Amino acid sequence: MITSMKVMLKPNNKQLSKLFQYAGTSRFTYNWVLGQQQENYKNGGKFLSDNLLRKRFTQLKKVDDYHWLTGISNNVPKQAIKDACGAYKKFFNGKAKHPTFKSK
């Protein structure tokens with residue numbers, strides 16, 4: 001017989017603020033990628049690769065207005081870029097409507 005246990009994790013204030021910071025960065029990155037893809041699509045382009053977008057995002061980190069991105073782990077925006085590119089590939093293959101950020 002397999003038994004299950006419920007565990008509730010309660011992060012402290014520092015962990016909670018870091019969690020919200022990562023979530024905000026992920027949302028910002030995903031929406032930024034969608035904006036880049038839309039702009040490219042309107043100008044006649046088809047698809048921007050995630051490698052190119054990661055390079056552009058690295059350049060964006062160097063701008064003073066987006067200096068707050070330097071304190072975030074690189075894995076967070078990398079995964080958001082990968083997810084957004086996957087959503088756009090589904091859009092161009094006709095498997096999904098226009099991709100939007102999911103607010104869950």
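Throughout, read-outs are computed from the coordinates displayed, never taken from laboratory work. Because the structure is predicted, anything quoted here is derived from the model rather than measured. Neighbour counts run over all protein chains shown; Cβ positions are idealised from the backbone, glycine included.
Observations, loosely collected:
- All positions within the range 48-58 that are touching a residue at least 24 places away in the same chain (Cβ under 8 Å) and of a type in the set (D, E, K, R): D50, R54
- Scanning the range 24-49 for residues that are under 13 Å from C85 (Cβ atoms), hydrophobic (A, V, I, L, M, F, W, C) and either assigned to a helix (DSSP H, G or I) or touching a His at 6+ places or on another chain (Cβ under 6 Å) (or both) yields W32, V33, L34.
- Verdict on V63 being β-branched (V, I, T) and over 11 Å from I81 (Cβ atoms): yes
- L48 passes every criterion in (1) within 30 Å of N93 (Cβ to Cβ); (2) within 14 Å of the chain's Cα centre (by Cα) apart from (2).
- Positions within the range 32-47 being within 29 Å of F20 (Cβ to Cβ), surrounded by 14 or more Cβ atoms within 10 Å (Cβ to Cβ) and either of a type in the set (K, R) or without any contact (Cβ under 8 Å) to a residue 24 or more places away in the chain (or both), in sequence order: Q36
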